[in-house]
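Worksheet: the structure to be examined is printed underneath.
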Amino acid sequence: EKAGYKHFMLKEINEQPRAIRDTTLGRVSLDTGKVFLEAMQISDEDLRNASQITIAACGTSWHAGLAGKFMIERLARLPVEVDYASEYRYRDPIADPRAIGLLITQSGETADTLAAQAELIAKGSKTLAICNVVGAAVTRKAQGTLTTNAGPEIGVASTKAFTAQLTALFVLALHLAQVRGTISDEESLHLVTELSKLPGKLASMLNINSPDAPGSSEGVAAPIRPSTRAAASDTERRSTVRLPLSAQCEELARLFHTSDDFLFLGRGIHYPIALEGALKLKEISYIHAEGYPAGEMKHGPNALIDESLPVVCIATKDPNDPSSVLKYEKTLSNIQEVTARSGRVIAIAIEGDTEISQLVEQTIYIPQAPELLLPILEVVPLQLLAYHIAVRRGCDVDQPRNLAKSVTVE
Ligand code: F6R
């Protein structure tokens with residue numbers, strides 16, 4: 001049932017090319033760029049008149065919601081609020097029947113998320129669900145559901161369901177943009193074309209031949225290039241051999257698995273991915289980890305940095321997007337602040353970025369994609385890093401202590 005993998009989590013990480021493809025399939029036209037969503041009881045008129053989208057979710061699904069805010073606001077120019085489902089109804093939310101509620105939940109049975117949905121409905125909002133389980137409780141009260149077709153997720157730590165949620169959010173954002181007339185046909189077609197390239201990019205990162213083939217641990221992927229300024233040993237410095245992504249993360253796990261704390265940094269849409277990287281690490285390896293917006297470091301957390309602190313920085317950029325490039329440049333100066341204080345930086349960067357590898361100890365490369373789609377690629381090395389660290393520490397990767405797959409109590 002684990003298809004030859006040691007753990008469900010690793011199997012599910014490797015199923016991401018297929019999960020993304022199946023969540024996109026049949027919903028977008030590669031000829032016109034148009035998005036077609038399954039029948040909903042929310043009309044295009046409702047979507048045009050919506051005052052805002054209110055997202056409520058828990059844990060990893062909440063991280064997807066935070067990233068979805070960037071997608072929807074940027075493409076559809078519609079304000080988005082993101083709440084922890086467990087907080088939503090305790091803040092006496094303001095009733096706004098023109099606000100559309102969006103519940104994001106892998107299981108569709110999370111008690112807090114269902115309670116947030118009930119509160120939204122009581123305040124007069126229509127609700128939509130992004131859910132991985134057909135017929136789950138959340139879908140029965142929703143006016144429409146976008147099913148993530150990730151397939152059953154067994155590992156407690158969510159992986160393929162998360163990237164499928166990001167994909168569903170992107171498709172929804174495009175749909176809203178098309179209905180509301182905030183995107184040109186040309187831009188739609190460009191983004192849909194880029195979306196369709198993701199399964200292939202993920203497959204090559206994971207060293208899988210096609211989204212349908214099982215993963216293999218052999219072969220050639222992106223290179224690992226410890227930089228010259230790295231405080232690495234001679235052997236590490238000389239290891240410029242090309243390793244597959246999973247092997248690179250295994251190597252990082254060897255170097256860092258004894259750390260007591262980890263920091264994950266990102267900016268903009270990459271910040272929720274930093275949060276997700278930190279959550280993956282804490283839940284399966286029991287290492288304390290925090291995700292932080294890169295620009296907030298100087299307002300306090302810089303005090304934590306010393307030579308024993310690994311800092312994972314998401315420093316990706318879309319060169320065709322000026323705001324992405326600007327963010328990247330700001331992130332580079334944040335990285336310099338960390339290295340100046342002897343922090344040990346592991347950067348997630350775009351293939352071919354040699355500027356960054358000069359600055360930091362370790363660089364993991366991922367393929368290029370438009371800014372709003374990069375999260376789907378950049379979370380993969382963070383999942384693999386958490387996985388390999390947890391395995392090295394002898395943790396029960398698929399069944400971490402104190403956690404349940406589906407949390408049906410509030
Ligand atoms: C973390 C994880 C949890 C869930 C959360 C919500 O890896 O899986 O944080 O994301 O419990 O669960 P769902 O999405 O089923 O509502």
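Note down all Cβ pairs under 8 Å where the first residue falls in segment 248-267 and is in contact (Cβ under 8 Å) with a residue 40 or more places away in the chain and basic (Lys, Arg), the second is surrounded by 21 or more Cβ atoms within 10 Å (Cβ to Cβ) and not in a helix (DSSP H, G or I), and they're at least six residues apart or on different chains.
Short answer, once both residue conditions are applied: Arg267/Ile314.
Which condition number in (1) surrounded by 17 or more Cβ atoms within 10 Å (Cβ to Cβ); (2) outside any helix (DSSP H, G or I); (3) modelled with pLDDT of 85 or more is the one that Thr258 fails?
With (1) surrounded by 17 or more Cβ atoms within 10 Å (Cβ to Cβ); (2) outside any helix (DSSP H, G or I); (3) modelled with pLDDT of 85 or more applied to Thr258, the lone miss is (1).
Given the conditions (1) surrounded by fewer than 19 Cβ atoms within 10 Å (Cβ to Cβ); (2) more than 16 Å from the ligand (Cβ to nearest atom); (3) more than 16 Å from Ser204 (Cα to Cα); (4) among the charged types (D, E, K, R), report the number of the one that Glu361 does not fulfil.
Of the numbered conditions (1) surrounded by fewer than 19 Cβ atoms within 10 Å (Cβ to Cβ); (2) more than 16 Å from the ligand (Cβ to nearest atom); (3) more than 16 Å from Ser204 (Cα to Cα); (4) among the charged types (D, E, K, R), the odd one out for Glu361 is (1).
Applying the selection to segment 281-327, what residues are within 16 Å of the chain's Cα centre (by Cα) and among the aromatic types (Phe, Trp, Tyr)?
If the condition is that a residue be within 16 Å of the chain's Cα centre (by Cα) and among the aromatic types (Phe, Trp, Tyr), then Tyr292 is the only one that fits.
Of Ala95, Ala76, Ala56, which residue is under 22 Å from Glu109 (Cα atoms) and either surrounded by 23 or more Cβ atoms within 10 Å (Cβ to Cβ) or at pLDDT below 95 (or both)? Show your work before the answer.
Working: Ala95 fails: under 22 Å from Glu109 (Cα atoms); Ala76 fails: under 22 Å from Glu109 (Cα atoms).
When all the criteria are applied, what remains is Ala56.
Are any residues in segment 119-157 buried (at least 20 other Cβ atoms within 10 Å of the Cβ), of a type in the set (Gly, Ala, Ser) and either part of a helix (DSSP H, G or I) or within 14 Å of the ligand (Cβ to nearest atom) (or both), and if so, which ones?
The answer is Ala129, Ala136, Ala137, Ala142, Ala150, Gly155, Ala157.
Determine if segment 57-73 includes at least one residue that is within 16 Å of the ligand (Cβ to nearest atom), under 18 Å from Leu166 (Cα atoms) and assigned to a strand (DSSP E or B). Don't jump to the end; show me each part of the working.
Applying the first criterion (within 16 Å of the ligand (Cβ to nearest atom)) to segment 57-73 yields 57-68.
From what is left, the residues that are under 18 Å from Leu166 (Cα atoms) are 57-68.
Still in the list and also assigned to a strand (DSSP E or B): 57.
Scanning segment 57-73, I find at least one residue that is within 16 Å of the ligand (Cβ to nearest atom), under 18 Å from Leu166 (Cα atoms) and assigned to a strand (DSSP E or B), so the answer is yes.
Here is a check on your reading of the model: is Thr113 away from the ligand (no atom under 13 Å from the Cβ), buried (at least 22 other Cβ atoms within 10 Å of the Cβ) and either part of a helix (DSSP H, G or I) or not aromatic (Phe, Trp, Tyr) (or both)?
No, not satisfied.
Given the conditions (1) within 16 Å of the ligand (Cβ to nearest atom); (2) without any contact (Cβ under 8 Å) to a residue 40 or more places away in the chain, and given that Ala19 satisfies all but one, which numbered condition is not satisfied?
(2)
If the requirement is being aliphatic (A, V, I, L, M), part of a helix (DSSP H, G or I), more than 16 Å from the ligand (Cβ to nearest atom) and under 25 Å from Leu195 (Cβ atoms), which of these qualifies: Leu78, Leu47? Explain how you work it out, then say what you get.
Details: Leu78 fails: part of a helix (DSSP H, G or I).
Going through Leu78, Leu47 in turn, the sole match is Leu47.
Pairs, please: C-beta under 8 Å, at least 6 apart or cross-chain, first residue in contact (Cβ under 8 Å) with a residue 24 or more places away in the chain and in segment 60-77, second of a type in the set (Ser, Thr, Tyr) and within 13 Å of the ligand (Cβ to nearest atom)?
That search, which allows pairs on different chains as well, returns Thr60/Ser158; Ser61/Thr105; Ser61/Thr110; Ser61/Thr113; Ser61/Ser158; Trp62/Tyr84.
Can you report the number of residues in segment 295-318 which are touching a helix residue (DSSP H, G or I) at 6+ places or on another chain (Cβ under 8 Å) and at pLDDT below 95? Please lay out each step first, then the result.
Step one: list which residues in segment 295-318 are touching a helix residue (DSSP H, G or I) at 6+ places or on another chain (Cβ under 8 Å), which gives 295, 297-298, 302, 305, 310-318.
Narrowing the set further to residues that are at pLDDT below 95 leaves 295, 297-298, 302, 305.
Of the residues in that region, 5 qualify.
The values are calculated or read from the model by the stated rules, or taken from the named source; none is laboratory data. Keep in mind the model is a prediction, meaning the values are calculated, not measured. Positions of Cβ are generated from backbone atoms using ideal geometry, with glycine treated the same way; all protein chains shown enter the neighbour counts.
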